[in-house]
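Here the structure is laid out as structure tokens; the discussion comes afterwards.
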Amino acid sequence: MSQEHRRHERIDLSKLAFAKEGEQAHGGILRDISVDGAYIEFHYPLGRVEHQFGKGDSIELLLDNEALLKGTAVRINDDGIALEFTDDNDSQRQIIEALVAARD
């Protein structure tokens, strides 16, 4: 999605994360984040991974510090998934603010 369609600026990151939906979980790299959403990219040493995430899936994004963000898959591509966060609460905002602050 182009930047002009986004409500909030995305911050570039490179942070270990796990995307989980039901029993399915895949490790990847959190590439960017904003108050509204995030993009997680899946990399494996032997190439692209075949994940089963689909548009509209409810995804839990687990970060290496055990923080949990909840969202819905809004875009799926060969490299990863884009999430729109569904929980708009203080706890989730604090997690996002801490990620942004740690990047600076």
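Over all orientations, the range 3-103 has a Cα convex hull whose mean projected area works out to 6.4 square nanometres. In the neighborhood of Gly27, defined by Cβ-to-Cβ distances under 12 Å, what is the net charge if each Lys or Arg adds +1 and each Asp or Glu adds -1? Computed value for this residue: 0. Our estimate of slack between Ser91 and Arg75, defined as 0.36 nm per intervening residue step minus the Cα-Cα distance, is 3.3 nm. In order along the range 68-83, the phi-based Karplus estimate (6.51 cos²θ - 1.76 cosθ + 1.60, θ = phi - 60°) of 3J(HN,Hα) comes to 10, 10, 10, x, 10, 5, 10, 8, 10, 9, 4, 8, x, 9, 9, 10 Hz; Gly and Pro are listed as x. In this rough spin-label picture, where each label sits 7 Å from Cα along the Cβ direction, the Glu60-Val35 distance is 2.6 nm.
Each value in this text was obtained by applying a stated rule to the coordinates, not by laboratory testing. Everything numeric in this text was worked out from a predicted model, so none of it was measured. Ideal geometry is used to build each Cβ from the backbone, glycine not excepted, and the neighbour counts take in all protein chains shown.
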